[in-house]
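S.K.: Have a look at this one before I ask anything.
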Amino acid sequence: MDTYFPAASATLSRRTFLQIIAQAPLLAGCASLLKLHPWRSFLDIKIGQMLLVGFQGLDVPRQLALDIGYYTVGGVVLFDAPGRNIASPDQVRRLCSKLQRSADIPLLIAIDQEGGHVSRLNPQAGFPPTASAQYLGLRDDPDLTYWHARQTAQTLAWLGVNMNLAPVVDCNRNPLNPVIGAKERSFSADPAVVTRHALAFIAGHHDAGILCSLKHFPGHGSSIQDSHHGLTDITATWSPSELIPFADIIKQGKADAIMTAHVHNTSLDPELPATLSKPIIDGILRTELGFGGVVISDDLQMKAIADNYGYLSALELSINAGVDIILLGNGYISDATDVPRTIAAIKGLVHEGRIPPTRIDEAYRRIMLLKRRIGPTPGRPVER
C-alpha cells in the first residue's frame, strides 16, 4: 500500500518531523477514507482529489457517481451547453445536492459565473441577468461591483455551488482579443482598476461563503488568439504589468486559487505554455509572488494543449510545474474512461519516478486546506 510517511530511519530531520505533524489532520481524514475504501491507497485518494471534471446530463450519471464514490474525484465543474448541466434553478440545486451526497470528501462544485457573456447561469434558464466585468470596470464603482458579486454569490450558495472560477484579472491590453476583450471579461486595461474591482468581486463572494479563482495566469488579456482553439503566443504582446493584479491580490491574502492560461510566452519560458511551465508556476507564481494556495489548470483538453502535447506528457509537465488541480472539462463528456485513465496515468508517473510523491502530497494538502473553507451546502454540511 502506498503511504505518505517517509522510509524509516534512525532519525528524522526537524523539518521532516514538522511537515508530518502539520499534515496529521489531513492524513487522519485520509485514513478514515481507507476504512470506507480498503481497496484504495493513499496515493489513489490524493490523486482523485486533484481532478475537477465536467460531465454530461442534468442528473448525476452513473459513471460520475462511480468516479466520485470509488475514485474519490475531488470536484466537478458545471456547464450550460446543450446536453450539459443547467436547466433551471431547482434542477441545479437538486443536482448539486446529489453530487455532494455521492462524495465521502466534500466536493468542490465549480462554475464559470463571471457575469455578462460568460455566465453559465443565464436568464434563459431562469436565473437573473448579470453585469460584465467590462461594464463594472467602466462604471468604476467598487461598491457596485461588490453588490453584483454578492448577488451572484448568494445564488451560488443557494444552489450548492461553492466555487466561482472568477474573477478574470487579465488586463484588457487588446480589446479585440477574441477570448477576453471581445467578450467583455476584463475590468480594465489598467492593472489598478482590475485589482480594485477584483477585490470587490472576491469580497462579495467571500461574504456569502463562496470561493473564487483568479484567472488566467500570467495574463491572457493581450492575446490575439483563443487558446480554446489552439496554442496562443503572447510573447510580443504581453507586459509584466499584467502580473500586478495577481501580485496585489496575493499580497492581500485574498487569492483562494489561481487558474493558469494555455498561453506561450518565450520571454518567461522558451519551451512550454504557462500551464505546463515550472519557471512560470513554480518560479514566478510560487517563488516571486509568494502564492501558496491551489493552482488550477485551465482545461487540459482544450486544443492549445491537446493538439500540441500528448495527454501523458501534459499531466506530467503540469503537475511537476506546480498545478494542484487538473481540470478536465470537455473530453469527459464523451469518454467515460477519463477519470480512471487519468488516475492510473498519474499513479504510473509517480511509480516511475517522473512525478515526485511529494508533489502529490503538496497538491493534496493545499486542496484539503481549501476545502476546509467551504461553507455548508444543500447536499451536506462540511465537517470542520
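Every read-out reported here was derived from the displayed coordinates using simple, explicitly stated rules and does not represent laboratory data. For clarity, every value in this text was computed on a predicted model and none was experimentally measured. Counting neighbours? That spans all protein chains shown, and the Cβs are built from the backbone with ideal geometry, glycine included.
S.K.: Which of rounded, prolate or oblate describes the stretch 97-221 when judged by the alpha-carbon gyration tensor and an a/c cut-off of 1.5?
M.R.: prolate
S.K.: So, one more: Tell me, how many Å apart are the Cα centres for the stretch 206-221 and for the stretch 256-288?
M.R.: Spelled out, the Cα-based centre of one part sits 16 Å from the other.
S.K.: Do the alpha carbons of any pairs in LYS46/LYS347; LYS183/LYS254; LYS278/LYS347; LYS215/LYS254; LYS183/LYS215; LYS46/LYS278 sit beyond 18 Å of each other, and which pairs?
M.R.: Distance filter (> 18 Å) returns LYS183/LYS254; LYS278/LYS347; LYS46/LYS278.
S.K.: Here's another thing I want to ask about it. If you take every residue apart from HIS197 with its C-beta less than 14 Å away from the C-beta of HIS197, what net charge results, scoring Lys and Arg +1 and Asp and Glu -1?
M.R.: -3
S.K.: Please list the three semi-axes, largest first and in whole Å, of the ellipsoid equivalent to the stretch 279-321, using sqrt of 5 times the eigenvalues of its alpha carbon gyration tensor.
M.R.: Ellipsoid semi-axes (Å, largest first): 22, 10, 9.
S.K.: Multiply the residue gap between TYR311 and GLN151 by 0.36 nm, knock off their C-alpha separation, and tell me the result in nm, one decimal place.
M.R.: 53.7 nm
S.K.: Could you bin all the Cα-Cα distances of the stretch 42-371 into 10 Å bins starting at 0 and give me the percent of pairs in each, rounded to whole numbers?
M.R.: In whole percents, the pair-distance histogram is 6, 28, 37, 24, 4, 0.
S.K.: Using the Cα centre of the stretch 42-371 as origin and beta-carbon charges of +1 (Lys, Arg) and -1 (Asp, Glu), tell me which of THR232, ILE47, VAL92 is placed farthest towards the positive end of the dipole.
M.R.: Going by the Cα projections, it comes out as VAL92.
S.K.: May I pose another question? Can you give the charge dipole size of the stretch 42-371 about its Cα centre, rounded to the nearest 20 debye, using +1 on the beta carbon of Lys and Arg and -1 on the beta carbon of Asp and Glu?
M.R.: That gives a dipole near 680 debye.
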